[in-house]
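Please treat every number below as a calculation from the coordinates, not as lab data. None of the values given here were measured: they were computed from a predicted structure.
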Amino acid sequence: MTDWSRLRDIYGSAAGVPALLDEAASVSDWDAPVWQELWSRLCHQGTVAPASYEALPTLARIAGTRGDVAVDPALFLASAIIASTDGPLHRAEVRRLHATHIDGLRPVAEHKLGLVRARVDVLYALGVVAALDGSVWQRGLTGLADEEIELDCRSCGEHLYLEPADGRLVMTTDADLVDADGSVHPADPAQLGPAETRLVGLCRAHDHAEVETELLQLFGRTRCPSCGAELTLAD
């Protein structure tokens, strides 16, 4: 039996977390105060605490019983905790300790991809799959959903932005100035690695052709607008 009063969430004692989880089990609205409070206490801007890990079994149970909820905050919060790199445990240790819950959430996450249609929802749903798989693409998918990915050129060190523009991705040095010369060349589907192949395959299986096109660009290559060096985005 967990003594929550001895655990800490982001702000202090986690004694109130069990009551919040009980209330959240019957609430699927992202904007509901109970979910706002749980996100704040358990995964604040990507930072997690000991109580966050303790909440994973309950979050997994909630998500597993709501197959008809297309965008479920329980599933997203669980995956965010699992993917966090800012907490008291190394991510590999979290995955080892909660392997059973992660395995149980994978089919739930894949099922949600058949329920969502809007581009942003599809990208976030794919991000959940990537987080559960331990894929490096989880942040990239979230960045695409938020319509901006930041990275640095390995050759000149210039800070760059990968921006969606009219159905394509463009590399630029200025997030407010998108230049057509910074277009991205899509990856060849036949040359993708296992993680990339899985994400593209899920798009095809659930008829998300628009997002598949974006993913192939995300997995592709371009040139630094500052120094002209070729960039493979996966790097």
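Is region 1-53 best put as rounded, prolate or oblate by its Cα gyration tensor, with a ≥ b ≥ c the root eigenvalues, rounded for a/c under 1.5, and otherwise prolate when a/b is larger than b/c, oblate when not? It is oblate, given that a/c is not under 1.5 and a/b is not larger than b/c.
The relative contact order of region 95-206 comes to 15 percent, based on Cα pairs under 8 Å that sit 6 or more residues apart. Pair-distance distribution P(r) for region 37-159, from all Cα-Cα distances in 10 Å bins starting at 0: 13, 44, 32, 9, 2 percent. In region 16-102, Rg over Rh equals 0.93, where Rg is the alpha-carbon radius of gyration and Rh the Kirkwood radius from pairwise Cα distances. Projected onto their three principal axes, the Cα atoms of region 104-174 cover extents of 44, 27, 13 Å, largest first.
Working note: Cα atoms of region 97-235, range along each principal axis, descending, whole Å: 46, 33, 29. What do you get for Rg/Rh of the chain when both radii come from the Cα atoms and Rh is the Kirkwood radius? Across the chain, the Cα-based Rg/Rh ratio is 1.01.
The antiparallel fraction among DSSP beta bridges confined to the chain stands at about 95%. Centroid-to-centroid, using Cα positions, region 69-98 and region 1-22 are 17 Å apart. Please tell me the relative contact order of the chain in percent, rounded to the nearest whole number, where contacts are Cα pairs under 8 Å and at least six residues apart. So the answer I get is 12 percent.
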